[in-house]
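*Asks:* Got a structure for you, written out below as structure tokens; questions coming shortly.
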Amino acid sequence: MSGKPYDVEKGDGVHRGHPVTVDRYTLAARINHWITAVSLILLALSGMALFSPQLYFLTALFGGGQITRAIHPWIGVVLFFSFAGLFIRFWKANLWKSEDGTWLRRIRDVLAGHEERLPELGKYNAGQKFVFWGMSFLIVVLISSGIVVWDQYFYPFTTIEQKRVAILIHALAAVAIICVWIIHVYAAIWVRGTIGAMTKGKVTGGWAWRHHRKWLRELVGRRTTRTPAE
Amino acid sequence: MTNSWTDIKNTDLVVIMGGNAAEAHPCGFKWVTEAKATRGAKLVVVDPRYTRSAAVADYYAPIRQGSDIAFLNGVINYCIQNDKVQWEYVKAFTNAAYLVKDGFGYQDGLFTGYDESKRDYNRTTWDYQIGPDGYAMVDETLQNPRCVWNLLKAHVALYTPDMVSRITGTPKDKFLKVCEMIGECASPTKTMTSMYALGWTQHSKGSQNIRTMAMLQLILGNIGVRGGGMNALRGHSNIQGLTDLGLMSNLIPGYLTLPTEREPDFPTYMASRGFKPLRPNQMSYWQNYKKFFVSFQKMMWGPAATAENNFAFEYLPKLDVPAYDVLRAFELMKQGKMNAYICQGFNPLQAFPNKAKLAEALGKLKLLVIMDPLETETARFWENHGIYNPAEPAKIQTEVIQLPTTCFAEDEGALVSSGRWLQWHWPAGSPPGEAKTDVWIMAQIHLRLKELYRKEGGAFPDALLNLQWNYKDPHEPSPEELAKEMNGYVVSDVVDPNDPTKKLLEAGKQVAGFGALRDDGSTACGCWIYSGCYTEAGNLMARRDNSDPGETGAYAKWAFSWPANRRIIYNRASADINGKPWDETRKLLWWDGARWTGYDVPDIAPTAKPQDVGPFIMNPEGVSRLFARGMMRDGPFPVHYEPFESPVANVIAPKVRGNPVARVFKDDFAQFAEVASPDFPYAATSYRLTEHFHYWTKNNHVNSVLQPEFFVEISEELAKEKGIAQGGWARVWSKRGSVFAKVYVTKRIRPMLVDGKTVHIVGIPIHWGFVGAARKGFPANQLTPFVGDANIETPEYKAFCVNIEPTTGPVA
Amino acid sequence: MNMELSRRQFLRTAGAGIAGTSLGAFGFGGVEEALADAIRPFRLTNTTEVRNTCTYCSVACGILIFSKGDLKKGEKAEITHIEGDVDHPTNRGTLCPKGAALLDIVHSKTRLQYPMMRKAGSDKFERVSWDVALDRVARVLKDDRDKNFIAKNNDGVTVNRWVTTGFLAASATTNEAAWCTYKVVRSAGMLVFDNQARV
Amino acid sequence: MFPPAPNPPIAPTPAKFGEKDLIRKSASSITPASPRQTEVAKLIDVSKCIGCKACQAACLEWNNLHEEIGTFNGSYTNPPDLTPASLTLMRFTEWVNPETDTLEWLIRKDGCMHCEDPGCLKACPAPGAIVQYSNGIVDFVHENCIGCGYCIKGCPFNIPRISKVDNKAYKCTLCSDRIAVGQWPACAKACPTQAIVFGTKDEMKNWADGRIKDLKSRGYQNAGLYDPPGVGGTHVMYVLQHANTPQIYAGLPKDPTISPVVEIWKGVTKYVGFAVIGIAAAAGVLHHLVAGPNRVSEEDEENAEKLTGSDRT
């Protein structure tokens, strides 16, 4: 294998054994992820509570409407910075590759689980990249539009008409991000063995072979693999 | 006010000039909007600024401050030239036909008899020719060149529309439009009302401003009728009452006057107050002067006032000068000639002109006593507040005693409205802390002084020791007791001269009105014009029946209106010479063949025959005066005089500076800007905003919110010329002081063309000072000149000169 | 004599000829029901109403002062609200921006509460008792009067005047206070005596 | 003179309307009260207004509001904008009439218009924080307010303001407490010139007709009533000298409606949004049922072991 490994992130590694284990996410990355995840869920709950009267009861989870209204933007800030951490970690590996096009063209095979018909992939497939960039984009939209309607601190800086547009955009973006989130979560469930990546930080060699073979090869080729005894 | 607030609804034309009723008297102004909405009345506003009154006016004309007489003389000239005269009224009810002495004349801004060294006139020629029968001579045909009408016509001929425009800066077309609207009211069925206030009084010729409009109203036949009149909108809640009660250096309650030292004894005093009728049959009501005076003396000194001692005539102090008005008081103070001064609910450091002089004067007192419900700048004149009050306490040796008084909500008694209604009110709250009523405090001062005199003796204690003070609780006379004194009561029985068994008046009873007062000491009355307010029938001031038969706006059973519960004074003039109302739809009084009847108390003897007795019963002529005789110090006809500080010389009399007979103290004259001074090129005026009440509401949070910060108003043109930004800071200064203010650049003020010269106006609202809830700011009186009106010494706040420049904010 | 008013006069007379109001119609015939939570309970319920006159200008608007406690019953009364008196012929219940904010002047933070004295050269007021304050006033006035009273002028005419102490009378006190003031001031022979009428 | 309401009662007085008279409640579906109470209205006659601010003072006083003392900023409009304490505000405009070249000082009392179709209420997400009574009063119920400021976005007149102190929205209540006992709102009662009057909506329209006739007789050919149909009419109406150009009165909107953006946000977005989310979730479930889980096979593991050289052979 030649050239610079570009799909391998800091902390990725392979361990010989039965089965082979592969380090996919460092502890820091996982903490970062889960902060983001919790924030996003809280935001979705509080946001939906304020979005629809039918879901207003959800404000009870936060201790009432006033608190929900007050806390939502702050969670947004947490999400923004937390996601920024993820972004810095992951953006490189999420850059578009030629095989991603192929993968997308064969989306039917993807959905049907015919992985053998797909090209070998790096650390992320095009679906994951879509989630990554989708999240990135929507979070920027949400924080920007959110600030416009965060009256407590930013009321004087925009006109009411701008706020109206902002709040509509915010709502639309929120719907979109929830959909992206559903895809993200579903994919993690559907593709068995994935969740461990974000809980224990590890996947099995088989999982890596099946879904991200190029990445696995790169990891293997990069350095001498270690036995668990080491 | 000759009429009442509610009567304004009856008018056809409201002229607001010399005032800003919408802004200063919003709830009274309601009746203007009513007249407009229900009668289709028109509103004309003539003012240097486009005011809140102008905002709802049908027509607005600008005028340079201090040129009202030129404007109004011009209107009179227009009316005469265009036959807009209510001839029947003028002939029957004014002195138009009276012949004036041959010696009287006018030239170049001055009347006959001027003595420049005294700044005064010898007024002996300013009078009627008296015929062999002892009565004034008249020419009913108005042909005699010496009759008042012809003299007036000649006097105002100078004030052509072009001349008026040249002096006042009012564009000629606007002036003529106003003339036209006013001229229509010469019809007997159209009336105009004049609503004015300090915009006319606060000039060195304030009295003549008002007089000119009064003359115009007489020419139009608008005095004494519903919806007409001269309506002085008084400022403070009881300033009418305090004036009525004579709390002035030269007055006795009910517009009687103190003796001067040229009247050494009672007979001499009474000799100049005889008021013999000048025409046959006239009532000349002041013939009753002695009854009112003696009854007053009896109320003051009770048994100590006897026929033998001329009813304690000597107890009254005698004046050596015309008046010890406030300007003179502060001049004396500044000269170190006064030692103690008591301010009762008054803030002179803010309210009188030339603050620097006032502060210096107060600093020369030994003792300053303040009675007030609120903090005032005066009470703290010695306290350092940086540039807002740069006093040095250590250098000020004045002892200050500040006494807390109750306010309106905690006391009981009557206040007199501008429409002369005496309205009783009741206390609603407990006073804060140790605050006490003014009555209690005055009683304490009196009782303590009396005690000291009893113990120690001293200078002429008689008047003080014998002051009648027979109250149930001498420490705090009750409002009822005091009100009953003002109404008056019978001291000793008066029996019918024809039937000695019949008592006409019974000792101890309240008199029913001033008609019952006597000059022999058998009645006592504190204020004759209030007589009738608290009779045996009870406290009429507390009446609250708001029925209004005929919907005239009279409300005859609401409270009590002086005199004699009369709502419109001179109301006999609402009917023609035969006693028939000028306007049937607006009738007020009429002669039913035997007596006067109608909606109001007749201002004439009820059985006085209309053809015989004139309606102006207080005048010995029985008619009103277009020619004032010697009653005004500055002329029997009004003349346009420039303010003492003016951007232009007097066009009609360039040599005359200011009002030629206004009193000016030497040091103050040195502090006037020269005429047309390039150092002080802008014509300034000061005024109050509707959100504020003088300096009081500085203590009120809400009102401080509504207009929070001191500012001045200038035109867009001047702002551009000076490079002053909207809302930016400027320094404004006169020859007497300097202020920093925010600037309101407004379309409501425009430069004027006066005698070919552009004159810019600077408007300076009053309110701010250095105590209270409001932001600190400068009072306008740091700039205003120390000179008053020639007749009554009201300071010239409305017209003076300043300069202005942009600046950064004040450095505190 | 009972001077209490007949309250409803206006509505009877004023209604005639003008579009009669059907304001009463909001009511729907006195359905007795507790106030909804959203609507504040009416503030003036169970207060004492006293009729007074606005302290500011000479329009002399009728006002109603509402207080907790009733002075007539000898209680302490704390004023809680002031508004216009609809029965008053001039203002018909209306008030201007000063009148509408009268409560604020009654309860102003700068209301004076106690007699205070500032000694010569001092930079502060100090609280004193009424007796101390009034005795001091009387003493200074008497000393000044005795020293400067003019009984006769140079021509020998009795003039009995005192012009070294002055009195500036108020503009918003009652007639009764003014008359009392007049008596006290004039009987002392004081001539430097003026009021707010000029300004 | 429009006959004023009698002096206020001091004896306990039953409220003339209340909870039972609600016709709308924010973020809640209720059955509108029936029959409806007579609709009330406040009529502000700009041509009679002298800009004295008695209404502002009376409002502050009656509602126990504390406004801060501001600064001068080049206008008589003080404070410069509505605030949580200043529920009403005189707005001053110096306007030169281009037809006559004369200055007119237009003074408009700003505040809640009590729309028949209230945008604030539509936008409000908190159940019961904004209510509308059948007499037309739109009121904020502060216990339920969450301070989100959606009412500001919903309002076509830019009226509600959020308090920095308690983070709740404030606006004119039309003095619902006073009207409940037969009184006029504090501002209307105080207004010295009866530029503000209060009564039933029909009375106010009639009264306005008389005023408009008077104004036309004085040359204001475009005098008219401002009762904008775009919001179903309002329970605060203006008589304007120049009703054809309401914008000159400190930006009074010409044809106000609830912003289409707000309508989309509170309308279609909500339904479409939830639909999309639902579809996404359902698609996942469906896919799982059809395709089953994507599992790693033994073979995959072996391949990985081979690749890493950890195979057993």
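Any read-out appearing in this document is the output of simple, stated calculations on the displayed coordinates, not a laboratory observation. Since the structure is predicted, the reported quantities are computational estimates derived from the model, not experimental observations. Backbone-built Cβ (ideal geometry, glycine too); neighbour counts: all protein chains shown.
*Asks:* Contact order normalised by length for chain B, with contacts defined as Cα pairs under 8 Å and 6 or more residues apart; what percent is it?
*Replies:* Rounded, it is 16 percent for chain B.
*Asks:* Rounded, prolate or oblate for chain A? Axes are the square roots of the Cα gyration tensor eigenvalues, ordered a ≥ b ≥ c, and the cut-off for rounded is a/c under 1.5. All intermediate terms of the calculation are to be shown ahead of the outcome.
*Replies:* Working: a/c = 2.33, a/b = 2.09, b/c = 1.11.
Prolate is the answer for chain A, as a/c is 1.5 or above and a/b outweighs b/c.
*Asks:* Treating the angle as unsigned and between 0 and 90°, give the value, to the nearest 10°, between the Cα long axis of helix A:213-222 and the longest Cα principal axis of chain A.
*Replies:* 60
*Asks:* Ordered by residue, what ³J(HN,Hα) values in Hz, to whole numbers, does the stretch A:81-97 give under the Karplus form 6.51 cos²θ - 1.76 cosθ + 1.60, where θ = phi - 60° and Gly and Pro are x?
*Replies:* For the stretch A:81-97, the Karplus curve yields 6, 4, 5, 4, x, 4, 4, 4, 5, 9, 4, 5, 5, 9, 5, 6, 10 Hz.
*Asks:* Per residue of D:178-189, how many C-beta atoms from partner chains lie within 10 Å of its own C-beta, taken as a mean?
*Replies:* 4
*Asks:* OK, next. Quick one: Cα centre-to-centre distance for the stretch B:699-773 and the stretch B:388-455, in angstrom?
*Replies:* Going from one Cα centre to the other spans 35 Å.
*Asks:* Can you work out the Karplus-derived ³J(HN,Hα) for every residue in the stretch B:122-133? Use 6.51 cos²θ - 1.76 cosθ + 1.60 with θ = phi - 60°, whole Hz, and x for glycine or proline.
*Replies:* Coupling constants for the stretch B:122-133: 8, 9, 4, 7, 7, 8, 7, 6, 9, x, x, 7 Hz.
*Asks:* Also: Checking the a/c ratio against 1.5 first, then a/b against b/c, what shape does the Cα gyration tensor give for the stretch D:267-308?
*Replies:* Details: a/c = 10.73, a/b = 3.45, b/c = 3.11.
Prolate, because a/c is 1.5 or more and a/b exceeds b/c.
*Asks:* Could you please report the charge total around C:Gly189, scoring K, R as +1 and D, E as -1 over all other residues with beta-carbon less than 9 angstrom from its beta-carbon?
*Replies:* With Lys, Arg at +1 and Asp, Glu at -1, the net is +3.
*Asks:* Please work out the C-alpha center-to-center distance from the stretch B:222-294 to the stretch B:171-198 and express it in whole Å.
*Replies:* 30
*Asks:* Whats the longest run of chain B with zero GluC sites (Glu not before Pro) that are DSSP loop and have at most 14 other Cβ atoms within 10 Å?
*Replies:* B:141-307
*Asks:* Separate question: Kindly identify chain D as rounded, prolate or oblate by the Cα gyration tensor criterion: order the square roots of the eigenvalues as a ≥ b ≥ c, call it rounded if a/c is under 1.5, otherwise compare a/b with b/c, prolate if a/b is larger, else oblate. List each step's numbers first, then the result.
*Replies:* Details: a/c = 2.69, a/b = 2.28, b/c = 1.18.
Since a/c reaches 1.5 and a/b is larger than b/c, the shape of chain D is classed as prolate.
*Asks:* Amide H of B:Asn619: which non-local residues (sequence gap of 5 or more, or other chain) have their own amide H closer than 5 Å, using H built in the peptide plane?
*Replies:* Here B:Tyr285 satisfy the definition.
*Asks:* While we're looking at this one, here's another question. Can you put D:Asp81, B:Asp102 in order of Cβ neighbours within 10 angstrom, beginning with the fewest? Spell out each step's value before the answer.
*Replies:* Details: D:Asp81 13, B:Asp102 9.
Exposure proxy ranking, most exposed first: B:Asp102, D:Asp81.
*Asks:* For chain A, with a Gaussian network of springs between Cα atoms less than 10 Å apart, report the residue from A:Lys202, A:Lys123, A:Lys92 with the top mean-square fluctuation.
*Replies:* Between A:Lys202, A:Lys123, A:Lys92, it is A:Lys92 that shows the largest mean-square fluctuation.
*Asks:* Below 15 angstrom from the Cβ of B:Pro708, what's the summed charge of the other residues (Lys, Arg +1; Asp, Glu -1)?
*Replies:* Once positives and negatives cancel, what remains is -1.
*Asks:* In deg cm²/dmol and to the nearest 500, what is the mean residue ellipticity at 222 nm of chain D if only DSSP H runs of at least 4 residues count, each as -39500 (n - 2.57), divided by the residue total?
*Replies:* -8000 deg cm²/dmol
*Asks:* OK, next. Compute, for the stretch B:62-202, the length of the dipole vector about the Cα centre, with Cβ point charges of +1 (Lys, Arg) and -1 (Asp, Glu) only. Units Debye, rounded to 20.
*Replies:* Roughly 400 debye for the stretch B:62-202.
*Asks:* Using DSSP to define loop residues, name the GluC sites (Glu not before Pro) in the stretch D:37-142 whose beta-carbon has at most 13 other beta-carbon atoms within 10 Å.
*Replies:* D:Glu68, D:Glu99
*Asks:* While we're looking at this one, here's another question. Residue by residue through the stretch C:89-96, which ³J(HN,Hα) values in whole Hz follow from phi under the Karplus form 6.51 cos²θ - 1.76 cosθ + 1.60 (θ = phi - 60°), with glycine and proline marked x?
*Replies:* x, 7, 9, 6, x, 7, 8, 8
*Asks:* How much mean residue ellipticity at 222 nm does chain B get from its helices, if each DSSP H run of length 4 or more adds -39500 (n - 2.57) and you divide by all residues, to the nearest 500 deg cm²/dmol?
*Replies:* Counting only the DSSP helices, I get -6000 deg cm²/dmol.
*Asks:* What is the antiparallel percent of DSSP beta bridges lying wholly in the protein assembly as shown, to the nearest 5?
*Replies:* Around 65 percent of the beta bridges assigned by DSSP in the protein assembly as shown are antiparallel ones.
*Asks:* Quick one: of D:Lys25/D:Lys109; B:Lys798/C:Lys124; B:Lys30/B:Lys720; C:Lys68/C:Lys124; D:Lys16/D:Lys205; B:Lys472/B:Lys503, which pairs are farther than 31 Å apart, Cα to Cα?
*Replies:* Working: D:Lys25/D:Lys109 27 Å; B:Lys798/C:Lys124 36 Å; B:Lys30/B:Lys720 38 Å; C:Lys68/C:Lys124 36 Å; D:Lys16/D:Lys205 23 Å; B:Lys472/B:Lys503 28 Å.
Checking Cα-Cα distances, B:Lys798/C:Lys124; B:Lys30/B:Lys720; C:Lys68/C:Lys124 exceed 31 Å.
*Asks:* So who's got an amide H within less than 5 Å of the one on B:Thr758, skipping anything under 5 residues away but keeping other chains? H placed 1.01 Å off N, in plane.
*Replies:* For B:Thr758, whose amide H was placed from the backbone, there are no distant partners under 5 Å.
*Asks:* Taking amide H positions as placed in the peptide plane 1.01 Å from N, state which residues far from C:Val163 in sequence (5 or more) or on other chains have amide H under 5 Å from it.
*Replies:* HN-HN under 5 Å from C:Val163: C:Ile150.
*Asks:* Could you work out the pair-distance distribution P(r) of the protein assembly as shown from its alpha-carbon pairs, with 20 angstrom bin width and percents rounded to whole numbers?
*Replies:* Pairs per bin, as whole percents: 9, 31, 30, 15, 9, 5, 2, 0.
*Asks:* With unit charges on the beta carbons (Lys and Arg positive, Asp and Glu negative) and the dipole taken about the Cα centre of chain A, which residue among A:Leu45, A:Ile182, A:Trp96 sits farthest to the positive side?
*Replies:* A:Trp96
*Asks:* Over the stretch B:180-314, what is the relative contact order in whole percent, taking alpha-carbon pairs under 8 Å and six or more residues apart?
*Replies:* 15
*Asks:* Can you tell me what percent of all Cα-Cα pairs in the stretch B:544-681 are more than 28 Å apart?
*Replies:* Values: 4497 of 9453 pairs.
More than 28 Å apart: 48 percent of the Cα pairs in the stretch B:544-681.
*Asks:* Averaged over D:287-296, how many beta carbons belonging to a partner chain fall within 10 Å of each residue's beta carbon? Each step should come with its number before you reach the end.
*Replies:* Values: counts 5, 3, 0, 2, 5, 3, 6, 15, 8, 15.
Whole-number average of other-chain Cβ neighbours for D:287-296 is 6.
*Asks:* Follow-up. How high is the relative contact order of chain D, in percent, counting Cα pairs under 8 Å that sit 6 or more residues apart?
*Replies:* 22
*Asks:* Would you calculate a helix-derived [θ] at 222 nm for chain A, using -39,500 (n - 2.57) for each DSSP H run of n ≥ 4 and dividing by the full residue count, to the nearest 500? All intermediate terms of the calculation are to be shown ahead of the outcome.
*Replies:* On the way: 10 runs with 145 residues, N = 230.
Counting only the DSSP helices, I get -20500 deg cm²/dmol.
*Asks:* Something else about it: If I fit a long axis through the Cα atoms of helix D:298-308 and take the longest principal axis of the Cα atoms of chain D, what angle between them do I get, 0 to 90°, rounded to 10?
*Replies:* That works out to roughly 80 degrees.
*Asks:* Starting from the exponent 0.38 and prefactor 2.2 Å, build the expected Rg for chain B from its residue count and divide its actual Cα Rg by it.
*Replies:* Against the compact-globule rule of thumb, the ratio is 0.95.
*Asks:* Additional query: Tell me which aspartates and glutamates have Cα within less than 14 Å of B:Lys436's Cα, excluding those fewer than 8 residues away on the same chain?
*Replies:* B:Asp372, B:Glu410, B:Asp411, B:Glu412, B:Glu476, C:Asp131
*Asks:* Give the lysines reachable from B:Lys84 as a straight Cα distance under 28 Å; neighbours fewer than 8 places away on the same chain don't count.
*Replies:* Straight-distance partners of B:Lys84: B:Lys9, B:Lys36, B:Lys42, B:Lys101, B:Lys153, B:Lys172, B:Lys174, B:Lys177, B:Lys190, B:Lys205, B:Lys580, B:Lys587.
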